[in-house]
Amino acid sequence: MSYRLILGAIVGVAVFSSLLASSNAHDYIVVDDTIPVSLTGVPGDPVKGKKLSVNRKKGNCLACHAMPIPEQQFHGEVGPDLSGVGSRMTQAELRLRLVNSKALNPDTIMPAFHKVALNRVLKKFKGKTILGAQEIEDIIAYISTLKS
Ligand code: HEC
């Protein structure tokens with residue numbers, strides 16, 4: 001076996017395993033401060049999106065944001081009030097903020113909900129995202145209804 005062949009095999013394995021690691025995350029293209037195209041092509045469901053936003057193990061948005069959901073007791077104040085966010089931002093703008101808000105502000109404490117963590121995570125979390133692509137679309141569908 002030539003040196004080149006061995007090198008090619010090593011690179012091949014590395015590329016293949018990095019593909020495997022990101023299999024759970026959908027590809028997306030960032031344009032300015034937006035992700036213009038739906039991650040799934042399937043319209044989001046606002047009812048599911050509201051449940052995901054409230055769910056402490058999913059979006060947990062209320063930990064940091066006030067939202068017009070009076071039946072929930074605790075609303076955080078670290079982030080801006082999301083009432084009326086559907087009037088302030090387009091779905092494309094909301095999509096980038098949910099997928100990876102750190103692309104806009106590297107210091108933000110808002111989690112990147114659909115960005116793959118490749119390094120420094122437990123093996124079982126490698127290549128996984130906090131929220132799935134359709135879950136992101138459902139939350140966008142819900143918060144776009146929050147008009148001022
Ligand atoms: C750990 C705290 C935290 C959590 C959890 C969190 N956010 Fe945020 N979010 C922030 C902060 C802080 C900002 C302000 C922007 C910044 O830090 O750059 C923000 C900004 C935003 C913005 C931009 C609003 C504007 O007016 O500029 C949207 C939209 C948003 N968050 C939606 C959500 C949704 C929806 C969820 C749940 C799926 C969520 N966030 C979860 C902290 C959080």
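Where a number appears in this text, it was derived from the coordinates with a stated rule and is not lab data. Just so we're clear, the structure is a prediction, and the values are computed from it rather than from any experiment. All Cβ positions, glycine included, derive from the backbone under ideal geometry; neighbour counts span all protein chains shown.
What does the charge count around LYS50 come to, taking other residues whose C-beta lies under 13 Å from its C-beta (Lys +1, Arg +1, Asp -1, Glu -1)? Write down the numbers at each step before the final one.
Working: positive: LYS48, LYS51, LYS58; negative: ASP45, GLU71, GLU135, ASP138.
Cβ neighbours under 13 Å give a net charge of -1.
Can you run phi through the Karplus equation (6.51, -1.76, 1.60; θ = phi - 60°) for region 136-146 and list ³J(HN,Hα) in whole Hz, with x for Gly and Pro?
So the Karplus estimates, Gly and Pro as x, are 4, 4, 5, 5, 4, 4, 5, 6, 5, 7, 7 Hz.
I'd like the trypsin sites (Lys or Arg not before Pro) in region 20-90 restricted to DSSP loop residues with at most 10 other Cβ atoms within 10 Å, sorted by number. It would help to have the intermediate numbers written out before the result.
Values: sites: LYS48, LYS50, LYS51, ARG56, LYS57, LYS58, ARG88; in loops: ARG56, LYS57, LYS58.
Passing sites in region 20-90 are ARG56, LYS57.
Listed here are the pairs LYS57/LYS126; LYS124/LYS147; LYS48/LYS115; which of them are more than 29 Å apart at the Cα? Display every interim value, and only then the final one.
On the way: LYS57/LYS126 18 Å; LYS124/LYS147 39 Å; LYS48/LYS115 21 Å.
With Cα atoms farther than 29 Å apart: LYS124/LYS147.
If r is the Cβ-Cβ distance from LYS115 to LYS48 and R0 is 30 Å, what FRET efficiency results, to the nearest 0.05? Show your work: numbers first, answer last.
Details: r = 21 Å, r/R0 = 0.71.
With R0 = 30 Å, the Cβ-Cβ based efficiency is 0.90.
State the percent of C-alpha pairs, over all pairs in region 70-137, separated by a distance greater than 16 angstrom. Can you show the working numbers first?
Details: 1357 of 2278 pairs.
Within region 70-137, distances greater than 16 Å cover 60 percent of Cα pairs.
Show me the GluC sites (Glu not before Pro) within region 49-148 that DSSP assigns to loop and that have at most 11 other Cβ atoms within 10 Å of their Cβ.
Values: sites: GLU71, GLU77, GLU93, GLU135, GLU137; in loops: GLU71, GLU77.
Qualifying residues, ordered by number: GLU71, GLU77.
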